[in-house]
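See below for the structure under consideration.
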Amino acid sequence: MKYHTFLPKFHPLILARAKQTTIRGRTLVKPGETFALRHWTGKAYRSPMGVLGTATCQSVQTISVYEEGYGIYIDSLPVADPDAVARRDGFACAAAMRDHFIATCGLPFTKVLITWGDTFQPAGA
């Protein structure tokens, strides 16, 4: 099964179904496919993976994020409510999302937005 791994700070948000999207450089997941949401139990690539659960991909879109004005574009169209996009991705607001990406990969960027919405099923459920 295809999968994506998640940082520990996102685990509670995924389990609470507050995080319903992820932004990646690329994905092998296509709309309609079920995939696993995993995490490293210790050091990345040097420890076993744990499974948070599974979800079904609802959409794969292009997302561009710019530093100035908290500009977010999905499929080349400006997003009217950047805070809503940020909250679905597990951040308090667009400014928090911007700060996270400045620290981790820099801005501006164009990546892939994977949405699973409310399809998440926790492991063991």
May I ask you to list the aspartates and glutamates whose Cα is less than 20 Å away from that of Lys9, ignoring any residue fewer than eight positions away on the same chain? Asp83, Asp89, Asp99, Asp118
The farthest towards the positive end of the charge dipole of the stretch 3-122, of the residues Ala94, Val79, Ala16, given +1 on Cβ of Lys and Arg and -1 on Cβ of Asp and Glu, is Ala16
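So what is the relative contact order of the chain, in percent, for Cα pairs below 8 Å that sit 6 or more residues apart?
On the way: 236 pairs, mean separation 40.3, N = 125.
In percent, rounded to a whole number, it is 32.
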Please list, short to long, the whole-number percent of alpha-carbon pairs of the chain in consecutive 5 angstrom bins beginning at zero. 2, 11, 21, 24, 20, 14, 6, 2, 0
Could you work out [θ]222 nm for the chain from helices alone, using -39500 (n - 2.57) per DSSP H run of at least four and dividing by all its residues? Round to the nearest 500 deg cm²/dmol. -5000 deg cm²/dmol
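Quick note: the coordinates plus some simple rules give every number you see, no bench work behind them. As the structure is a computational prediction, the values presented were derived from the model and not from experiment. We place every Cβ from the backbone using ideal geometry, glycine too, and count neighbours over all the protein chains shown.
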